[in-house]
Every structure is written in structure tokens, then in C-alpha cells.
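Read the structure below first, then the notes.
The values are calculated or read from the model by the stated rules, or taken from the named source; none is laboratory data. If you're wondering where the values come from, they're calculated on a predicted model, not measured in any experiment. Cβ sites come from the backbone with ideal geometry, for glycine too, and all protein chains shown count toward neighbours. The accessibility values were calculated without ligands, DNA or RNA, using every heavy atom of the protein model including side chains. Shrake-Rupley method; radii C 1.70, N 1.55, O 1.52, S 1.80 Å.
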Amino acid sequence: MSFTIRARLTALYFLVLAASFTGFFWICDYGFQKSINTAVNDASQRNLDTVTRVLERHISQGTTELSQELTRVSELWESGAIFEVAGPNGQWIYRPPRFSSALPALQPVRGESISFQTTNFEALQYRVARRQINVDGNVYLIDAAVPTEPFDQALDRFRLIEKRFLPPLAVLASFLGFWLSGRALAPVNRIIESAERIGVRDLSRRLEVPRAKDELRRLTEQVNAMLDRIETSVKRITQFTADASHDLRTPLALIRTNAELALRRPRSDAEYRETLARILATSEETTELIEQLLLLARADANGAQLKLEPTTLSLVLQAVVQKANVLAAGKGLTFSHSVVPSTDSLLANQPALERLFLTVLDNAIKYTPPGGHVHLGLRMEDSHAIIELSDTGIGISEKDLPHVFERFYRADQVRSRETRGSGLGLSIARWIAELHRGSIELHSQPGQGTQVTIRLPLTSETGTAARKLPQFQEAPLNLA
């Protein structure tokens, strides 16, 4: 059986207050008793001192009116206080006339110290102080008793007040705790109600932020920030699905159209070969697109893993340069590079690095008109390898530049009409660079070309990064 937070808080509040009230009243009761005992003892001792002074004065003066003086003293006392005095021979010099019997036997005392004892006399409780005094070589015994009944009645009235008020106070405090917990948890209930209204179709709604700068405000702000991230992710997934569907539908439609046209009437072998060639080319493009989609999907799920090994960067770039020469020559471009053999190495996945470099080179060659120039450079700076690629192509507009690394993003219509592509190449390139703890930046101006800068840490820093990311060293991923 589970209880709400409000019920648990109320129960805890009740227990704490009940224990606090009980402890408070117990301390008061204990203090009251101590005060009563002190007051009764002080009264008994004062009475004892009074009798002692009277006794010492009359004995030292040798008067015979001691009994009458003690009687006058007892008549002055109030509240039923009594005393008695015994002489050296054990005979009572004075005994209260209103009592027909002596006080019960009390514990003896030593010297002139005072002893206190509580006893009953004729159904009444007394606090008795006893002292022995020595006057002119004779020992006298004095008992002074004070009734405790008035004090006991006061203590009983206090305890009755405790019994009457403790339960109602605890119950009242519980209701107050229930009300306060409700007020404190009201923002939580509003958060719950607002969260229940937020669904995948309406992720733009946000929780109301409380005005008080407390933990609930921080919780609400963090939940809203989480909803922002979820909304962004859902939008990306939705856009990714729509773009992927669109990009897959076009080549499939081409394949179907070519096949249908070829089957409408008998054709020559050359026409069939031409149709099959178009279908094969479209199928290859579709296969490449699907492989890119799968690669990015695994990257999103953290399932793509790269085996990082010591790799000589200049050797990778020289292999890329050979392929770039062929691509540039086919487009009628001039290609140059400043990559010289060196022993600088880094922990990397060679096929992934080749794909990274070929992707940016392929883009540069695609969007550079015939007669243009593409240059690839390599330099070292602060334990990093800086790979720079520049071209004299058509460039990228300022409004498109911040989005070029987004998936399926294609720049302006001029670039899109001039060449076909999936819009995934630069997204994959950035992902590969980040897996190697590197970065990729792109600067461009329309009509003046584009410059791509890739920074990769060399062996010392990359080795540390690789140790922090062991998941990238478990199984190889085919990126060829």
C-alpha cells in the first residue's frame, strides 16, 4: 500500500510534533517538580533556621519562657507548617498542640547538617527538615515540616492541562501540516497536470515556471530544457524520415519508369542495354544513399564503432591525392597539393579518414566549374595536423553556410541543379572528424570559392582521447 507524498509528510509532521510536544511537556513537568522540591526544601529550611535562632537565644539567655515563645512562633506560621523540638534528655520541649501524636520517626542526622525527608502525617504529606544543634554542650533535635499538598495540587492541575491540550494540539498541528504540505506541493501538481497534456504531437507546450526561486523552479526549468531537446530531436527525426523518403522515392521511381518504358514494346539489344545501364546507375546511387542512411542511423544510436590504429597521415593523404587527380582531370580542373612525406602519425581509422578527405574533395570538384583549381594542403600546429582544402568554385551563400553540415540540406537551387547529391556527405564528414576528436570548419563566399579546414590531434592527444572512448576500438566499421 502506497501513500502520497502529502500523506507521508502529514504523518511525519504529526509524529515529529507529537514527540516534540510530549518532550516539551515532560521537560516542563520535570522542571515543575524540581521547582516544587526546591521551594518546599527552602521553606522547611527557613522554618528550621527560625526555630534554631529562637532556641539558641533563649538557651543562651537562660530564660524559662522557651515553650511559650515556640508556641507564639508556631501560631505565626501559615499553610499548616509545624515543628517540634527535643531536648538533651530526649524529652520534647515543644510539640504542636493541634496534633495529638508526634511526627513519625525520621532518619537520624550527623553533626549539624540538615536532612530532608518526605513523610505522611494524619493523611497529609509533609516535607520535613531535621537538624541537630549543640548549645552550651547540649544537643537539641529540631524538626520543621511544611505540607506539600498545595504544591501537589498545582502539579496535578498542570498535568491535567497537559492531558487535555496535548492531543488537540497534535491533531491541530497535523491539520496545519496537511494544509502546508498541500500548499508546498501545489506547484508539483501543476507540473504533473501540465506534463500530462504534453504529447508527441504537441511538444511545443512548456511547463509554467514558478515565480519563487526554489528547487521547484530549477526542476521546472530543467524539464523545459529537456522538452526543448526532445522537441528538437523529434523534429530532426521527422525531417530525417521525410527527407530520406523523398530521396529514396526519386531513384525508385526512375528505376520503375525505365523498366515500364522498356517493356511497353519490343526494343533492340542496344536500347535494352541503355535502359539497363540507367537502371544500374540509379541502383548504385540508391545503394550509396541507403548505406549513408544506415551509417548515420548507427552513429545516432552510438552503435557505429571505429577501430583506431596508429596511422601515418601523409600516406593516407597521398592515396587520396591520387584519386583526386583522376576526379579533377575528369572535370577539367587543375589540382595541386602540398602534402610531403612525414612520420607524423595519429590514432585513426584509415578507411574513415579516406572517406572524410574524399568527401570534401568530391564536393570541391563538384562545385568548381571547368578550368577552376582545387588545392589540398597539410601543416602541423600545436600537436595538431591541419588539413586545408580550397577551391575556386561557385561558393556558398551566407544564409546557407550555417546549415551545410545538416543532414539532407542542399544549398541554393543553382548548386542543386548543377549536381546531384543526397545532402549527407558533409554530415558524415563531420561525424568522422568528431570520432577522431577533431573538427571541421567551412568558410565560403559566393563566386570566390570555399575553404575547408580539418583539425586532427596527433598521436599523443589522440591516444588519450582513444583511451577515453574504448567503444570506438572494439569492432571495425566498413567505410570503404
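All told, Thr220 falls short of being modelled with pLDDT under 80 and part of a helix (DSSP H, G or I). Residue under question is Phe32, and the condition is that it be assigned to a helix (DSSP H, G or I), of a type in the set (A, V, I, L, M, F, W, C) and open to solvent by 70 Å² or more (accessible area, probe 1.4 Å); does it hold? When the stated conditions are applied, Phe32 does not pass them.
For the range 223-276, a residue qualifies if it is hydroxyl-bearing (Ser, Thr, Tyr), surrounded by 12 or more Cβ atoms within 10 Å (Cβ to Cβ) and without any contact (Cβ under 8 Å) to a residue 12 or more places away in the chain, and the qualifying residues are Ser233, Thr250, Thr257, Tyr272.
Does any residue of the range 292-313 turn out to be assigned to a helix (DSSP H, G or I) and among the acidic types (Asp, Glu)?
Yes: the range 292-313 contains one or more residues that are assigned to a helix (DSSP H, G or I) and among the acidic types (Asp, Glu).
Only helices (runs of 4 or more DSSP H) whose full extent lies in the range 393-480 are considered here, and the ones with at least 2 residues that are at pLDDT 55 or above are 425-435, 459-468.
May I ask you to verify whether Ala186 is aliphatic (A, V, I, L, M) and farther than 30 Å from Phe25 by Cβ? Before you say what the answer is, go through the steps one by one.
Working: aliphatic (A, V, I, L, M): yes; farther than 30 Å from Phe25 by Cβ: yes.
When the stated conditions are applied, Ala186 passes them.
Looking at Phe14, is it under 29 Å from Gly137 (Cα atoms), touching a residue at least 60 places away in the same chain (Cβ under 8 Å) and either of a type in the set (Phe, Trp, Tyr) or surrounded by fewer than 16 Cβ atoms within 10 Å (Cβ to Cβ) (or both)? No; evaluated as a whole, the condition is false for this residue.
Within the range 92-115, the set of residues being modelled with pLDDT of 70 or more, surrounded by 16 or more Cβ atoms within 10 Å (Cβ to Cβ) and closer than 12 Å to Ala144 by Cβ comprises Tyr94, Pro96, Ile114. Among residues of the range 370-390 being crowded, with 21+ Cβ neighbours inside 10 Å and without any contact (Cβ under 8 Å) to a residue 60 or more places away in the chain, the one that is nearest to Glu354 (Cα to Cα) is Leu376. Checked against (1) assigned to a loop (DSSP other than H, G, I, E, B); (2) modelled with pLDDT under 85, Pro266 passes all but condition (2). One residue stands out among those in the range 343-359 that are surrounded by 14 or more Cβ atoms within 10 Å (Cβ to Cβ) and among the polar types (S, T, N, Q): the one that is nearest to the chain's Cα centre (by Cα), which is Asn349. Residue check: Ile27 meets all listed conditions (1) of a type in the set (A, V, I, L, M); (2) in a helix (DSSP H, G or I); (3) surrounded by 14 or more Cβ atoms within 10 Å (Cβ to Cβ) but one, namely (3). Scanning the range 201-217 for residues that are open to solvent by less than 60 Å² (accessible area, probe 1.4 Å) and assigned to a helix (DSSP H, G or I) returns a single hit, Leu216. Of all residues in the range 141-160, exactly one satisfies the criterion of being assigned to a strand (DSSP E or B) and either open to solvent by 20 Å² or more (accessible area, probe 1.4 Å) or on the phi > 0 side of the Ramachandran plot (or both), namely Leu141.
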